[in-house]
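Notes follow once the structure below has been shown.
Taken together, the values in this text are just the output of simple stated rules run on the coordinates, not laboratory data. In this text, all values refer to a predicted model and were calculated from it rather than measured experimentally. Note that we place each Cβ from the backbone using ideal geometry, even for glycine, and neighbour counts take in every protein chain shown.
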C-alpha cells in the first residue's frame, strides 16, 4: 500500500505493540485483527496539550514527547500525537 511521503503503516502483534509502547494501555481482550493506535503529527505540542486540557480530554504526556489519548477516550483506539 502506498501512502505517500511521510506516512507509515505499521503492524504488530499485541505483545509487540505492548513492548514498543509500554505506557499505552491495550485491553487484555483486544480483538484481532484491529487498530490499536493511530499517530498524528501536529505543529504545536503545547497548543494541542492546552486544547485537550480545555476540552477535558484525558491524555498522558509520554516520556518520548508524544501525547497519548487513551482508547477509552477515543472510541477504542489510542491516539498518539507527535
Taking the highest mean first, how do the peptides 41-50, 63-72, 12-21 order by number of other beta carbon atoms within 10 angstrom per residue? 63-72, 12-21, 41-50
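Residue separation times 0.36 nm, minus the C-alpha to C-alpha distance between residue 35 and residue 53: what's the value?
Values: separation 18, 0.36 × 18 = 6.48 nm, distance 2.52 nm.
Here the segment from residue 35 to residue 53 would lengthen by 4.0 nm.
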State, as an integer percentage, the relative contact order of segment 34-82 based on alpha-carbon contacts under 8 Å between residues 6 or more apart. 45 percent
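Taking every DSSP beta bridge that has both residues in segment 34-82, what percent is antiparallel when rounded to the nearest 5? Don't skip to the answer; put the middle values down first.
Numbers: 5 of 9 bridges.
Taking every DSSP beta bridge within segment 34-82, about 55 percent pair in antiparallel fashion.
Remind me, relative contact order of the chain in percent, using alpha carbon pairs under 8 angstrom and six or more residues apart?
Working: 79 pairs, mean separation 23.6, N = 82.
So the answer I get is 29 percent.
In the chain, what percentage of the DSSP-assigned beta bridges are antiparallel, given to the nearest 5? List each step's numbers first, then the result.
Details: 5 of 9 bridges.
Of all bridge pairs located within the chain, approximately 55 percent are antiparallel.
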With label points set 7 Å from each Cα along the Cα-to-Cβ direction at residue 46 and residue 61, the distance between them in nm comes to 1.1 nm
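Starting from 0.36 nm per residue, how many nanometres of slack lie between residue 23 and residue 75 once their C-alpha separation is accounted for? If you can, show how the numbers build up before the last one.
Numbers: separation 52, 0.36 × 52 = 18.72 nm, distance 1.86 nm.
Gain on stretching residue 23 to residue 75: 16.9 nm.
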In square nanometres, what is the average projected area of the Cα convex hull of segment 34-82? 3.3 nm²
Compute the angle between helix 45-54 and the longest alpha-carbon principal axis of the chain, please, reported from 0 to 90 degrees and rounded to the nearest 10. 80 degrees
